[in-house]
Every structure is written in structure tokens, then in C-alpha cells.
1. What is the angle, in °, between the Cα long axis of helix 181-191 and the longest principal axis of the Cα atoms in the chain? Nearest 10 is fine, range 0 to 90.
2. Where a Cα-Cα gap under 12 Å defines reach, which aspartates and glutamates qualify for LYS145, not counting those fewer than 8 residues away within the same chain?
3. Looking only at ARG66, ARG245, ARG287, which one moves most when the chain is put into a Gaussian network model with springs between Cα atoms under 10 Å?
4. All other residues with a Cβ under 14 Å from the Cβ of ASP198 taken together, and with Lys, Arg as +1 and Asp, Glu as -1, what is their net charge?
5. Any chance you could give the angle, 0 to 90 degrees and rounded to 10, that helix 326-344 forms with the longest Cα principal axis of the chain?
6. In nm, to one decimal, how far is the ALA237 label point from the ARG296 one, both placed 7 Å along Cα→Cβ?
7. Please report the projected area of the chain's Cα convex hull averaged over all directions, in nm².
8. If I build a Gaussian network model for the chain, linking alpha-carbon pairs within less than 10 angstrom, which residue out of PRO310, PRO158, PRO213 has the largest mean-square fluctuation?
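We did not get these values from a lab; they are worked out from the coordinates using the rules stated. What you are looking at is a predicted structure, and each value in this text was computed from that prediction instead of being measured. Here the Cβ positions follow ideal geometry from the backbone for every residue, glycine too, while neighbour counts run over all protein chains shown.
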Amino acid sequence: VDVRLAMTGFGNVGQGVAQLLAEHRDEYKARYGVRLLLTGAADRGGAAVDPAGLDERTLLRAKQERGSVSASGQEQTGVVGEEFLVNSRANVFIEAASTNFVDAEPGWSLIRSALSLDMDIVMASKGALVLYYSELMELARSRGKTVAYSATIGAPLPILELTNRALVGTTILGFEGVLNGTSNVILQAMIEGNSYDDGVRAAQELGIAETDPTLDVDGWDAAAKAAIVANAAFGSALGIEDVVRQGIRGITPEDIQAATREGSTLKLVSTASRRDGVVVAEVRVERRGPTDPLGRLRGPEMGVVMHADPLGDFTATVENSGGVTGGIATAFTVLRDVLNLARSQGWNSSRPA
Ligand SMILES: NC(=O)c1ccc[n+]([C@@H]2O[C@H](COP(=O)([O-])OP(=O)(O)OC[C@H]3O[C@@H](n4cnc5c(N)ncnc54)[C@H](OP(=O)(O)O)[C@@H]3O)[C@@H](O)[C@H]2O)c1
């Protein structure tokens, strides 16, 4: 069966999705019984739309050579709004554009349009999840649609797989996670004697820095992730403003050296727990020892520890990922959500999408 995908954003993540679709379409079809077609792609320059499926390699070339998918020569429209979604005839809307924590646009408007058009949603951008969480989930529920968002919280970590499946039936007491790769890369650079600015550049080269890196270094991204994971773990409806937030901007070489002297490293940790029935979420810089599951993470590696009663601590980390970080790792996670959605909805050869 064909599953049609419309996607906004054609940066690190969007291009990764296009690349994976081009390389793995036949394999996914053989393994999961669904043929994934990219029927709409958009960036700030406009959109390309073809309900029969765009050619991803042509899109990637157009982006590289001419700056926008809209220059691909494929059937196109310059409008990136509801018309884009309607014309794509997509089953799933993938939101992978840059976002903000002020109005969550352009994602939020398009997500609402997509839900009204009976599309399921797969999100890489966090804005709408931390500004309009309750409204978003209620809207999806009322339309009978799914909102999948594994890619927003330390992709490719299987965090929602823990909260929504593995730990069902336990009581999650709290979690702690190193979920902002950029801060980790900067701290690592400083530990190795390089400057803060060197660290920012290294993160940008890895494709993991936010379009606006202040969202990373001031703890906003880590705070958003703390809220999103807390809501999944505890059924709360925290927004980004509910998270007590510290960033790494004020960390000095002296702070780093003091930690190194005691054999520890500094990590930006996103954490939340339930205290007396109230969910408290926080982002803070902490010293972690070399054998600690979060302390041993290097560079862009990420991890989470969930404390579950009565089973104990569950740890998920991504290590030794070679060059597969940032946009490509996130793109894998976006497609994991798409494929799981297809499987959970029985979109195989016996039922049309
Ligand atoms: N990179 C990661 O490791 C990672 C991990 C998890 C989640 N995310 C999230 O995924 C999203 C994309 O990240 P990224 O790394 O791919 O960012 P990026 O490389 O900066 O790309 C952002 C894309 O969004 C497009 N865009 C911005 N405003 C738009 C608008 N109004 N309409 C249509 N397209 C618009 C940009 O268009 P132009 O190309 O024309 O500028 C660009 O293609 C972000 O929300 C980010 O927080 C990223």
C-alpha cells in the first residue's frame, strides 16, 4: 500500500528524510508492506508537490544547487499553507521546519490544518508540543488521529518506547537525561581545552545545533525536552515555561577544571519527577562521574535514565553511532514513527492508507 507524506522543512532533518526514502524505499516496502511516497516538500523558498510521489534525488539536487525544493522542476506550488497539504493528498504530515518557543510557527498552523484534513502527524519540531500540548492532543483525539514525536526528544533515543510500552504498568518516579547534543559537544570541547565558540562551531558542523543556537546554550531545547518527556511519563501537560531552566552559557573553564580534578564531567541534564502528586521539571548543569550512565556520554551522544517503581532504573543511551548523528539520526527516527504508525494502523497490503 502507498503511504503519502507531506513534509515542511528541508534542512538537516528534511534532507535526511529525503535521502533515506530514496535509499530505502524498496527495502521498507519489502519489510513492512508499505511504500512511502514523498508527495509534498517545502522550505522557505516554496514547495514541490506531486501526489504520485516526488523524486527525492531531484529535490536534494535542487536544494543544493538552487537553494529551494521549489526549484526542482517537479510539479510545484509556491504556497506553503493549507493548499500545500491539500494538493499533496498526504496521509501523514511530517513537521521538520525550524520552530520557536514564542508561537510555534510555522508548524502549529500547518499541524492544525493537517489534522483537519485527516492526516496523522509526525513531528521533529518541538514548538507546538511545549506551547499547545493539551490543545494539540485534544484536537488529534477529536479527529481520531495520531501525533508521533519520537524525533523531538533526543532522537534516536527510544524514550517514548519506554514510557508508552516498556514501562506500562509500573509507576515512573522520575527521569534524568542528557538530551541536548549541542551543549554536550560544547562542554566536551571545553574539557579538551578548546573555546566555547569552537564547541558551537563543532555542533553546527555536526548538524545538531538549532538554527538559533541560543535555544541550545540557554537550556531552552533541553527544557522543551524535559517537558515533553515529563508529559509522556506522567500524563502531565507541562509547557516550556513550567521547567526551571539553566543553560551552559555561564560555564567557565574554571568550572570545567574543577569537575575534571574530581574525575567528573559537566553535563546539561533534563530531569523531572513527581513530588507529592506534582510534576517538577528542571534543566541544570551537573557533575557526573565517569561510570555514571550519563557521565560517560561523549560529544553528541545522548541518554536517559528512567526510575520505575518497582522495577528499578532503565537506561537508554546512543553511543558509538559513528557519523550517524544529528539530521540523519533524526530522519531515521521520523521514519521509525511513520513506519510504526503504518503498522499500528494496519496499513499493509490488505488495507488502503
Ligand atoms: N538537527 C537535529 O539534530 C534535530 C534533532 C531533533 C529535532 N530537530 C528539529 O527538527 C527541525 C528541523 O531541524 P534541522 O536541523 O533540519 O534545521 P535546519 O537545518 O535549520 O532546517 C530548517 C528548515 O526549516 C525550513 N523552514 C523554516 N521556516 C519555514 C517556513 N516558514 N516554511 C517552510 N519551511 C521553513 C528551512 O527552510 P530553508 O531551507 O529555506 O531555510 C529549513 O529547510 C527543528 O525544529 C529542530 O528543532 C532537529
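1. 40 degrees
2. LYS145 reaches ASP118, ASP120.
3. ARG66
4. Result for the neighbourhood of ASP198: -2.
5. 60 degrees
6. The two pseudo-label positions are separated by 4.1 nm.
7. 17.7 nm²
8. PRO310
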